[in-house]
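A.B. asks: The structure under discussion is supplied below as structure tokens; questions concerning it will follow.
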Amino acid sequence: MDILEYTPEPEQFAWTFGGVPPVRRVKPGTALRLWTEDAYCGTLRSTADLASASLNMPFVNPQTGPFYVEGAEPGDTLVLHFVELTPARSWGVSTTIPFFGGLTSTDRTATLQDPLPERTWIYEVDSDKQTVGFHARSSGLELALPLEPMLGTVGLAPAAFEARSSLVPDMFGGNMDTPEMRAGATCYLRVNVEGALFSVGDGHYRQGEGESCGTAVEGAMNVVLIVDLVKTPGPVWPRIENDDYLAVVGSSRPLEDAWRAGQVDMVGWLGSLYGLDKLDAYQLLSQISEVPLANVVDVNYSVVTKVPKRLLPSATVYDGIHQHLRAAAATLT
């Protein structure tokens with residue numbers, strides 16, 4: 001298996017999906033060893049550092065990439081299998097940011113309330129115990145929380161020459177902020193432009209469902225992934241497969257439309273896998289789906305529709321590529 005190692009310099013970060021030339025060309029079946037910067041560009045390193053003084057919009061959520069996948073054509077299915085996600089620093093950081101987050105006034109939900117107080121929390125990483133440490137700022141409470149690395153942003157160039165901010169989730173993927181995007185997961189995305197032009201970033205050392213305050217435990221990440229390509233029609237919305245679940249991520253506003261997007265795509269996916277008509281698939285989904293919120297803070301909200309494999313007959317998904325890449329990943333670790 002070909003292996004590409006790439007660590008971007010700050011001037012090589014991408015800040016959009018689309019509108020950026022590729023940094024490297026790769027063949028399907030290539031493994032990539034990458035480094036990604038945190039959402040704050042590494043500028044917040046202590047509780048005294050505040051986001052409002054350190055961030056320079058729109059330069060947040062720096063992306064590593066994009067990568068041109070040889071042979072990828074519009075309509076194909078790009079496949080990204082995440083082998084390893086490992087914290088690249090001994091600390092992560094989270095914040096409250098004025099007029100940003102799920103429980104405050106924002107530019108889109110405008111009220112006469114003052115912004116919530118701005119704070120920064122530093123989470124120390126204990127690699128031996130696989131934990132991150134929460135320290136309350138106004139009391140003595142300390143907790144060792146499980147380290148659960150994930151990527152907040154996984155996406156490719158949109159269609160029609162669009163360039164979308166790295167803060168946005170949509171049909172092309174992007175800033176979906178779902179904990180499902182972890183090691184062992186395979187993501188399926190519809191190719192919109194020649195070469196696909198995919199990027200990844202926004203590492204989270206852990207995140208609760210919904211990302212309530214708008215920031216996870218943000219951290220630089222070492223990423224090992226395998227890229228592949230399936231020459232069959234790509235999904236409308238990003239799909240994720242792991243050993244236990246099939247999932248679809250819908251992104252929109254209002255929140256119920258994000259939910260609807262994922263539900264409709266899953267109805268179609270179940271129909272194609274099991275030969276079900278629309279109403280049978282809808283009925284089955286209604287009884288087995290799990291629907292965690294991914295984020296309720298981004299430009300679009302993201303909702304995950306999951307179905308457990310244990311409740312379904314065995315099926316060959318995208319020619320069994322998840323199982324194939326799981327086996328290939330074992331040779332890299």
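A.B. asks: Provide the percentage of antiparallel DSSP beta bridges, counting only those with both residues in segment 1-89; round to the nearest 5. Intermediate values should be presented prior to the final figure.
C.D. replies: Values: 1 of 8 bridges.
Counting DSSP beta bridges with both partners in segment 1-89, the antiparallel share is about 10 percent.
A.B. asks: In a GNM of the chain with a 10 Å cut-off on Cα contacts, which of A261, A136, A294 has the highest mean-square fluctuation?
C.D. replies: Result: A136 has the largest fluctuation of those listed.
A.B. asks: While we're looking at this one, here's another question. As a check on your grasp of the helix formula, calculate [θ] at 222 nm for the chain: sum -39500 (n - 2.57) over DSSP H runs of n ≥ 4, divide by the residue count, round to the nearest 500.
C.D. replies: Values: 4 runs with 45 residues, N = 333.
Estimated from H runs of four or more residues: -4000 deg cm²/dmol.
A.B. asks: Based on the alpha-carbon gyration tensor of segment 160-256 and its eigenvalue square roots a ≥ b ≥ c, which shape applies: rounded if a/c is under 1.5, prolate if not and a/b is larger than b/c, or oblate? Let's see the in-between values first.
C.D. replies: Values: a/c = 1.43, a/b = 1.25, b/c = 1.14.
The shape class here is rounded.
A.B. asks: Which of the lysines could a cross-linker span from K27 if the Cα-Cα distance has to be under 21 Å and same-chain partners fewer than 8 positions apart are dropped?
C.D. replies: K231
A.B. asks: Okay, next question. On a 0 to 90° scale, report how tilted helix 255-274 is relative to the longest principal axis of the chain, with both axes built from alpha carbons and the result rounded to the nearest 10.
C.D. replies: 30 degrees
A.B. asks: Where is the GNM fluctuation largest for the chain (alpha-carbon springs, 10 angstrom cutoff): G275, G140, G174?
C.D. replies: Maximum fluctuation in the GNM of the chain, among the listed residues, is at G140.
A.B. asks: Could I ask something else about it? Considering only protein heavy atoms and a 1.4 Å probe, what is the carbon-and-sulfur percentage of the accessible area of segment 186-225?
C.D. replies: Heavy-atom surface of segment 186-225 belonging to carbon and sulfur, 1.4 Å probe: 42 percent.
A.B. asks: In segment 115-180, what trypsin sites (Lys or Arg not before Pro) fall in a loop by DSSP, with at most 16 other Cβ atoms inside 10 Å?
C.D. replies: Details: sites: R119, K129, R137, R164; in loops: K129, R137.
Sites meeting the loop and neighbour criteria: K129, R137.
A.B. asks: Right, next: Would you mind telling me which residue in P146, P22, P292 has the biggest mean-square fluctuation in a Gaussian network model of the chain, where springs connect alpha carbons within a distance under 10 angstrom?
C.D. replies: Top of the fluctuation ranking is P146.
A.B. asks: Averaging the inverse of every distinct alpha carbon separation and then flipping it gives the Kirkwood radius. What is it for segment 1-119, in angstrom units? Don't jump to the answer; show the numbers that get you there.
C.D. replies: Details: mean 1/r = 0.0578 Å⁻¹.
Here the Kirkwood hydrodynamic radius works out to 17.3 Å.
A.B. asks: Would you please give the residues with an amide H less than 5 Å from that of A196, counting only those at least 5 places away or on a separate chain, with H modeled from the backbone geometry?
C.D. replies: Hits under the 5 Å cutoff: V69.
A.B. asks: Carbon and sulfur together cover what percent of the accessible area of segment 84-172 at a 1.4 Å probe radius? Each step should come with its number before you reach the end.
C.D. replies: Details: 2700 of 4920 Å².
Summing carbon and sulfur atoms, their accessible area is 55 percent of the total for segment 84-172.
A.B. asks: On the first, second and third principal axes, largest extent first, how far apart are the outermost C-alpha atoms of segment 73-201 in Å?
C.D. replies: 55, 47, 18
A.B. asks: Could you compute Rg(Cα) / (2.2 N^0.38 Å) for the chain, with N its residue count? Write down the numbers at each step before the final one.
C.D. replies: Numbers: Rg = 19.3 Å, N = 333, 2.2 N^0.38 = 20.0 Å.
Against the compact-globule rule of thumb, the ratio is 0.97.
A.B. asks: Averaged per residue, what accessible area in Å² does the chain show with a 1.4 Å probe, protein chains only? List each step's numbers first, then the result.
C.D. replies: Working: 14530 Å² over 333 residues.
Here the residues of the chain average 44 Å² of exposed surface.
A.B. asks: Another question, then. Taking only the C-alpha atoms, wrap a convex hull around segment 263-311 and report its volume per residue in Å³ as a whole number. Don't skip to the answer; put the middle values down first.
C.D. replies: Values: hull volume 3.8 nm³, N = 49.
Taking the convex hull of the Cα positions in segment 263-311, it is 77 Å³ per residue.
The values are calculated or read from the model by the stated rules, or taken from the named source; none is laboratory data. Given the structure is predicted, the values throughout are model-derived calculations rather than measurements. Positions of Cβ are generated from backbone atoms using ideal geometry, with glycine treated the same way; all protein chains shown enter the neighbour counts. Just the protein is used for accessible areas: all its heavy atoms, side chains included, with ligands, DNA and RNA removed. Shrake-Rupley method; radii C 1.70, N 1.55, O 1.52, S 1.80 Å.
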